[in-house]
Amino acid sequence: MFYETMNALLPTVLRDIIHPGILIAQLLCGLATVTSASRMLFAFSRDDGMPVASKALAAVSPRFRTPLNAIWTSSILCILYVFAAQFVSIGGTNLYTSVVNSTLVFLFLSFIIPILAGMPACGGPKWPTPGPWAMPGGVFKLICVLALIGKAIIFFIAVQPPNDKVLWIVIGFIALAIILWVTVENRRFEGPPTGERIEKRRAVIAAAEAAVGEKG
């Protein structure tokens, strides 16, 4: 539909200029997605946050100085998902379209949570001094409000027909996450390291760096 609209409205020369730009933007977006996914997978695994294989996924290659297992796992899962989703439809809507819109909603929810936490905390006892690039408190809170309004509009658009099933997918995943947290992960996951665990982590990092010739 998007390309049909472009072909109907835009001159050929302008279309030929815009299409490569769209391709490059999509490639960069995909690269950023895989990069962030592999980094998050590594970070969760490093803190034993994955239900399975945390140790393997948190391993860092001495040769490449990168978490190869997390990178390849994220990349392979992305590729498998894209191919598999092309052949599955729910209620006449391609699964790929539904999941893309669902991940868009989850992405913006991941932005909304720290914004909601930061608005009341900014300038208070828990966050008295923002970083060197911070905006004035009033401007920061205004931007937060505008951002929340914008994200609410995007959320509303993302769940409109024919993607109305997206809302139920999001609600279902949130319900499943809550159930898993209450029944399993709340007891297993210790959270980011604190106290003595921080010192042990530093010792492990120092040993790994020394093994590849890095000086602390």
Rounded percent of accessible protein surface that carbon and sulfur make up, segment 87-154, 1.4 Å probe: 78 percent
Area accessible to solvent at TRP181, 1.4 Å probe radius, in Å²: 110 Å²
Accessible area expressed per residue, segment 21-177, with surrounding protein chains retained (probe 1.4 Å, Å²): 67 Å²
Spacing of the two label points (7 Å from each Cα toward its C-beta) at MET119 and ALA59, in nm: 4.5 nm
Full-stretch length increase - TYR81, VAL34 - with 0.36 nm per residue and alpha-carbon distance subtracted: 15.7 nm
Surface accessible to a 1.4 Å probe, SER75 within the full protein complex, Å²: 30 Å²
Size of charge dipole - segment 125-196 - debye, nearest 20, with Cβ of Lys, Arg +1 and Asp, Glu -1, no other charges: 160 debye
Answer label for volume of the Cα convex hull per residue in Å³ (calculated), chosen among [x] 181; [y] 222; [z] 146: [y]
Where chymotrypsin sites (Phe, Trp or Tyr not before Pro) fall in DSSP loop in segment 54-105, at most 15 other Cβ within 10 Å: PHE64, PHE87
Cross-link partners of LYS200 among aspartates and glutamates (Cα-Cα below 20 Å; sequence separation of 8 or more within a chain): ASP47, ASP48, GLU190, GLU209, GLU214
Those lysines that a straight Cα-Cα span of less than 24 Å connects to LYS165, excepting residues fewer than 8 apart in one chain: LYS151
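The values are calculated or read from the model by the stated rules, or taken from the named source; none is laboratory data. Predicted model, so just to flag it, every value in this text is computed and none were measured. Every residue, glycine among them, receives a Cβ derived from its backbone with ideal geometry; neighbour counts consider all protein chains shown. Surface areas here come from the heavy atoms of the whole protein model, side chains and all, with no ligands, DNA or RNA. Shrake-Rupley method; radii C 1.70, N 1.55, O 1.52, S 1.80 Å.
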